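Contents: one structure, followed by commentary.
The values are calculated or read from the model by the stated rules, or taken from the named source; none is laboratory data. Since the model is a prediction, treat every value here as computed from it, not as a measurement. Quick reminder, even Gly has a Cβ in these numbers, built from the backbone with ideal geometry, and neighbours come from all protein chains shown. The area values use the complete protein model at the heavy-atom level, side chains included, leaving out ligands, DNA and RNA. Shrake-Rupley method; radii C 1.70, N 1.55, O 1.52, S 1.80 Å.
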Amino acid sequence: MLFGHDPYRDDVNKISFILNDYDDYLAAKEYFSDYHVGTWGGVGEKALFGDVALPNINKQTAIQQLLNHLNVDKKDTVAFGDAKVDLPMFELCEIGVAMGNGGEEIKAAADYITDAVDDDGLYNAFKHFNFI
């Protein structure tokens with residue numbers, strides 16, 4: 001966010017917004033039909049936020065760009081996720097780690113399920129994989 005600058009720009013990749021209710025998401029999905037509209041945050045299916053992003057770009061796209069830039073093989077990758085939005089990362093990365101507080105879809109796609117974020121899930125996964 002660039003405060004004090006013109007809010008209308010041509011270089012925006014993603015806009016996030018607060019959902020007051022599910023109808024906000026549906027309205028955004030209809031209004032921005034040429035873009036990818038998603039939800040995130042919250043617990044279970046009760047999302048707190050929405051976002052509008054460029055179509056055909058997701059977390060997998062970002063990881064692939066980074067791997068190309070660093071000239072790193074995907075066999076050296078681990079993805080951590082707790083929601084459906086993280087599934088594309090699991091498709092690309094060698095190892096997918098679901099957080100214990102994650103939804104059922106992410107857990108089903110995971111190679112390993114660690115503890116919840118609040119229960120030292122990242123630390124415990126790092127120990128499990130001998131990263132630390």
The ³J(HN,Hα) series, computed from each phi in region 121-132 with the Karplus coefficients 6.51, -1.76 and 1.60 at θ = phi - 60°, rounded to the nearest Hz and given as x for glycine or proline, is x, 5, 4, 5, 5, 4, 5, 4, 8, 6, 7, 9
Excluding ligands, DNA and RNA, the carbon-plus-sulfur percentage of the accessible area of the chain with a 1.4 Å probe reads 53
Within the chain, excluding any GluC sites (Glu not before Pro) found in a DSSP loop (not H, G, I, E or B) and having at most 14 other Cβ atoms within 10 Å, the longest uninterrupted segment runs 46-93
Two pseudo-spin positions, 7 Å from Cα along C-beta at residue 13 and at residue 129, lie apart in nanometres by 2.2
If unit charges are put on Cβ atoms (+1 for Lys and Arg, -1 for Asp and Glu) and the dipole of region 1-130 is taken about its Cα centre, the option from 48, 71, 89 lying farthest towards the positive end turns out to be 71
About its Cα centre, the chain carries a charge dipole, from +1 on Lys and Arg Cβ atoms and -1 on Asp and Glu Cβ atoms, whose size in debye to the nearest 20 is 300
Longest principal axis of the chain (C-alpha) makes with the long axis of helix 59-70 (C-alpha) an angle, in degrees to the nearest 10, of 70
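I'd like to check one number: the per residue accessible area of region 39-132, probe 1.4 Å, reported in Å² as a whole number.
Counting only protein heavy atoms, the per-residue value for region 39-132 is 64 Å².
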Shape descriptors of the chain over alpha-carbon atoms, Rg and Dmax in angstrom, are 16.9, 48
Taking max minus min of the Cα coordinates of region 61-132 on each principal axis, largest first, gives extents in Å of 34, 28, 17
Per the 1/(1 + (r/R0)^6) rule, R0 = 22 Å and r from the Cβ atoms of residue 24 and residue 108, FRET efficiency to 0.05 is 0.20
Ranked by GNM mean-square fluctuation in the chain (Cα springs under 10 Å), the top entry among 117, 12, 85 is 12
With -39,500 (n - 2.57) per DSSP H segment of 4 or more residues and division by the full residue count of the chain, the 222 nm estimate, nearest 500 deg cm²/dmol, is -8500 deg cm²/dmol
